[in-house]
1. Just the residues that are open to solvent by less than 30 Å² (accessible area, probe 1.4 Å), more than 17 Å from Val280 (Cα to Cα), within 13 Å of the ligand (Cβ to nearest atom) and in contact with a helix residue (DSSP H, G or I) (Cβ under 7 Å, 6 or more places away or on another chain), please, taken from segment 195-251.
2. Considering segment 131-144 alone, what residues qualify as being over 11 Å from the mean Cα position of the chain (by Cα) and near the ligand (Cβ under 8 Å from one of its atoms)?
3. Checking the condition over 19 Å from Glu262 (Cα atoms) and without any contact (Cβ under 8 Å) to a residue 24 or more places away in the chain, which residue from Pro69, Pro83, Pro23 passes?
4. Taking interchain pairs and intrachain pairs at least six residues apart, which have beta carbon atoms under 6 angstrom, with the first residue in segment 161-177 and closer than 12 Å to Gly137 by Cβ and the second outside any helix (DSSP H, G or I)?
5. Only one of these conditions is not met by Leu146: (1) touching a residue at least 60 places away in the same chain (Cβ under 8 Å); (2) of a type outside the set (Asp, Glu); (3) buried (at least 18 other Cβ atoms within 10 Å of the Cβ). Which number is it?
6. Residue check, Gly128 against (1) within 17 Å of the chain's Cα centre (by Cα); (2) away from the ligand (no atom under 16 Å from the Cβ), all met but one. Which one?
7. Return yes when Ile68 is of a type in the set (Val, Ile, Thr) and open to solvent by 40 Å² or more (accessible area, probe 1.4 Å) and no when it is not.
8. Scanning for something on the phi > 0 side of the Ramachandran plot, without any contact (Cβ under 8 Å) to a residue 60 or more places away in the chain and touching a helix residue (DSSP H, G or I) at 6+ places or on another chain (Cβ under 8 Å), does segment 55-65 turn up at least one residue?
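The values are calculated or read from the model by the stated rules, or taken from the named source; none is laboratory data. None of these values were measured; they are calculated from a predicted model. Virtual Cβ from ideal backbone geometry, glycine too; neighbours counted across all protein chains shown. The protein model used for the area step is the full one, side chains on, heavy atoms only, and it has no ligands, DNA or RNA in it. Shrake-Rupley method; radii C 1.70, N 1.55, O 1.52, S 1.80 Å.
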Amino acid sequence: MKITGAARLAGIMGWPVAHSRSPLLHGFWLEETGIDGSYVPLPVRPVDIEPALRALPILGFRGCNLTIPHKQTALQVADRVDPLARRIGAVNTIVVAEDGSLEASNTDIYGFLENLRECAPDWDPQAGAAVVLGAGGSSRAVITALTDVCVREIRIVNRTLSRAQAVAADLATSATPITVHPWDGVTRLLAEAGLLVNTTSLGMAGEPALDLDLSPLPLSAPVIDIVYVPLETRLLAAARRRGHPVVDGLGMLLHQGRPGFEAWFGAKVRVSPELRVAIVKTLAP
Ligand code: ATR
């Protein structure tokens, strides 16, 4: 990679940030497009997030991504926040405007929906209820995306019901009602589902397994796992064996990077098989 003194700059702020795959992802696209630019890791302590964000235009940065623990605080600092990001309560992308002001958005929604469109193009949001496992930060992004495409109904299954109730109260819309359910009712819910999404950490390397009997789930229902280490979780392997459309978590991660890249570096990019291979190599559990 060669950059000149005129290179366009972007990066990712996190604490820690060393685990992030985003520099590799954007580096791949910079190489592919031949753009004179650089995307760097920016280790920023929580106490420093506001001055660090305000320094972006001063240092000539076009913007940045945000990862843990900055996604909520950055929302408070930004000058303009996209309405969907405000609904989730978290931002992951900052674009520096011409006048140096900071525009914030959450591209996880875009990443989730693009990945779903690519892997399950025949999915119909009106076909049945979407069953969403989990009620944490990732669940909020997934549920906001599903309400954005007016899915018929969402049923949240979570260990801590009060947490699921808070998500339902915050995110239900007139087009998409949300109900909450304990784990012991999941088999019954699957029988009426048109989509199943795991947003819990169950099934992630080092976490307990997610053991679900998928037999009641209609075969047309896509099964999505946002866990991507391992890439094929036990849930996705079982779904694939039964013949469901399956959607893995890596696609969401890769697609969420596209709007930021396009805004900072000025070129459209795609999620190619070569890109997936390059990132998968780094995912050993
Ligand atoms: P994230 O921001 O990635 O969504 P999170 O906010 O910590 O992470 O949410 C983790 C989700 O996984 C929650 O829904 C959590 O359930 P609780 O709300 O009851 O904590 C779920 N989860 C994690 N470990 C779990 C376990 N052992 N059994 C059931 N659910 C679990």
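1. Val197, Asn198, Thr199, Gly203, Leu210
2. Passing the criteria: Leu133, Gly134, Ala135, Gly136.
3. Selected residue: Pro83, the only one of Pro69, Pro83, Pro23 that is over 19 Å from Glu262 (Cα atoms) and without any contact (Cβ under 8 Å) to a residue 24 or more places away in the chain.
4. As it stands, the answer is Arg163/Ala135; Val167/Ala135, since those pairs meet every condition given.
5. Only one criterion is unmet by Leu146, namely (1).
6. Unmet condition: (1).
7. Yes, satisfied.
8. Scanning segment 55-65, I find no residue that is on the phi > 0 side of the Ramachandran plot, without any contact (Cβ under 8 Å) to a residue 60 or more places away in the chain and touching a helix residue (DSSP H, G or I) at 6+ places or on another chain (Cβ under 8 Å), so the answer is no.
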